[in-house]
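*Asks:* Please see the structure below; I have some questions.
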Amino acid sequence: MKKKALLIIDGNNTEEETEQIQQKLKDMARWLDIRLLVRSEDISLDKQADSFFSSPSSAELHEKDWSLIGENEEHLFFILYVDMDYEWDHSLEELWRERIEDYICSSELGEEAVWKLFCGNDHSRKRIYITPVRKDNLNAIKSTFRIFLNKQMDNIREKDKRDVELRYYLTARKLLYKSGDSSERLIPACSNIYKLADSLKKERLYISSEVLALLPDNLRNNLKETKEEGDLYSYSFNLLT
């Protein structure tokens, strides 16, 4: 198993200097699970370090696609909670497809990264989706960001679609996979996520510290720690700035 190393550099380096450092670290990646972190006042270094050293190393993240995950087997999953709120008359099934599932259930992700509904039903406004954590998680992560980015574009093009609001939380943890009905999948981990997410603000993406260590550098360095919700980070989407 590779040892872990976290390298923290000052934020006053140029992009070219940072890239040069990253290139020099590539040779070390053969025997170290190493991460480069740019110092920022917006992110707690202690929490980032704790999250990095407590998370599985890249060598431990095997290629676990859906074909390898069996009933009642434990795996590390990304868990996406979405709470949809709207005031106007519309098909709930159609809203879920247009707002959420067109992005996280897209065939473009491939069978190994596509998200599956884990908790919730056709009549629920609150749902939990999961996808396996793998060595390369970029496509699955990007699909969650597309939900809000495309929603903002819809809001600009069609004013009536502003009526739909989302509460949005992304975490990662080990789960026993169950493929039964909704009541069977309402395990304690999901119940806890429901309780936590109820207190979160709408129209923001909240990310747990478990996910933080699994994000690409460019996304992780743009997250802001939220003071009022505990050990969470948030990402705001604003196309007008």
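*Asks:* If residue 111 satisfies every condition in (1) open to solvent by less than 80 Å² (accessible area, probe 1.4 Å); (2) over 20 Å from residue 165 (Cβ atoms); (3) at pLDDT 75 or above but one, which is the exception?
*Replies:* Checking residue 111 against (1) open to solvent by less than 80 Å² (accessible area, probe 1.4 Å); (2) over 20 Å from residue 165 (Cβ atoms); (3) at pLDDT 75 or above, the one that fails is (1).
*Asks:* For the stretch 116-137, enumerate the residues that are buried (at least 19 other Cβ atoms within 10 Å of the Cβ) and of a type outside the set (Phe, Trp, Tyr). Let's see the steps before the verdict.
*Replies:* As a first pass, look at the stretch 116-137 and keep what is buried (at least 19 other Cβ atoms within 10 Å of the Cβ): 117-120, 127-134, 137.
Within the stretch 116-137, 117, 119, 120, 127, 128, 130, 131, 132, 133, 134, 137 qualify.
Residue-wise test of (1) of a type in the set (Asp, Glu); (2) open to solvent by 10 Å² or more (accessible area, probe 1.4 Å).
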position	(1), (2)
173	no, yes
179	no, yes
203	yes, yes
211	no, no
223	no, no
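*Asks:* I would also like to ask the following. Pick from 166, 214, 239: which is modelled with pLDDT of 80 or more, on the phi < 0 side of the Ramachandran plot, among the hydrophobic types (A, V, I, L, M, F, W, C) and in a loop (DSSP other than H, G, I, E, B)? Before the answer, list the steps.
*Replies:* Values: 166 fails: in a loop (DSSP other than H, G, I, E, B); 239 fails: modelled with pLDDT of 80 or more.
Result: 214 is the single residue among 166, 214, 239 that is modelled with pLDDT of 80 or more, on the phi < 0 side of the Ramachandran plot, among the hydrophobic types (A, V, I, L, M, F, W, C) and in a loop (DSSP other than H, G, I, E, B).
*Asks:* Taking the stretch 75-108 on its own, how many of its residues are in a helix (DSSP H, G or I) and of a type in the set (Ser, Thr, Tyr)? Working first, answer last.
*Replies:* Our first condition is that a residue be in a helix (DSSP H, G or I); within the stretch 75-108, this holds for 92-104, 107-108.
Now narrow it down to the ones that are of a type in the set (Ser, Thr, Tyr): 103, 107.
Result for the stretch 75-108: 2.
*Asks:* How about the stretch 126-137: which of its residues are at pLDDT 85 or above and over 27 Å from residue 164 (Cα atoms)? Can you show your working first?
*Replies:* Going through the stretch 126-137, the residues at pLDDT 85 or above turn out to be 126-133.
Once the filter is applied, which keeps residues that are at pLDDT 85 or above and over 27 Å from residue 164 (Cα atoms), the stretch 126-137 yields 132, 133.
The values are calculated or read from the model by the stated rules, or taken from the named source; none is laboratory data. Here the structure is a predicted model, which is why all the values come from computation and not from measurement. As a convention, Cβ positions derive from the backbone with ideal geometry for all residues, glycine included, and neighbour counts pool all protein chains shown. All accessible areas refer to the heavy atoms of the entire protein, side chains included, with ligands and DNA or RNA removed. Shrake-Rupley method; radii C 1.70, N 1.55, O 1.52, S 1.80 Å.
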